[in-house]
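These notes concern the structure reproduced below.
The values are calculated or read from the model by the stated rules, or taken from the named source; none is laboratory data. As the structure is a prediction and not an experimental result, all values here were calculated from the model. Virtual Cβ from ideal backbone geometry, glycine too; neighbours counted across all protein chains shown.
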């Protein structure tokens with residue numbers, strides 16, 4: 001009876017681990033789309049709304065779901081609360097602080113850090129060009145993330161179950 005209960009718990013745990021890993025592959029393209037929409041909104045706020053950068057970041061955070069909203073909110077508060085920080089420092093600090101909460105990878109992080117090094121130091125047309133360049137890079141990453149999702153999501157679901165079954169067989 002105890003072995004049966006242990007086997008059921010192992011099967012459940014293995015299945016959940018596999019599904020959790022698969023969910024990360026499904027989450028990444030969704031978060032990349034959300035980030036692209038947020039950057040498009042930032043582009044609109046800067047270019048057409050003539051909104052100052054901290055306020056544009058706040059407005060973008062309001063319209064963006066978590067965990068990305070926290071990133072924009074932290075970048076805005078870093079500029080407003082700490083006058084010794086440049087926008088680049090505030091942006092990098094926000095990215096480094098909130099990046100682990102996302103499902104995104106290093107390529108996206110590098111693109112955002114590059115974007116942060118150009119925002120706030122040039123005119124609005126140049127800032128809009130850099131945002132659009134970052135959007136193109138994120139679009140390429142989103143396409144790659146969709147490919148990875150199609151390739152690995154089902155594999156992780158199956159792998160979690162199969163490893164759990166293997167452990168149960170080895171136990172018996």
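Somewhere in region 92-110, is a residue over 15 Å from the mean Cα position of the chain (by Cα) and touching a residue at least 24 places away in the same chain (Cβ under 8 Å)?
No, the conditions are met nowhere in region 92-110.
Having 3 or more residues that are more than 30 Å from residue 56 (Cβ to Cβ), touching a helix residue (DSSP H, G or I) at 6+ places or on another chain (Cβ under 6 Å) and at pLDDT 90 or above is the bar; report the helices (runs of 4 or more DSSP H) wholly within region 79-172 that clear it.
124-171
Go through region 1-19 and count every residue that is surrounded by 12 or more Cβ atoms within 10 Å (Cβ to Cβ) and either touching a residue at least 40 places away in the same chain (Cβ under 8 Å) or in contact with a strand residue (DSSP E or B) (Cβ under 8 Å, 6 or more places away or on another chain) (or both).
11
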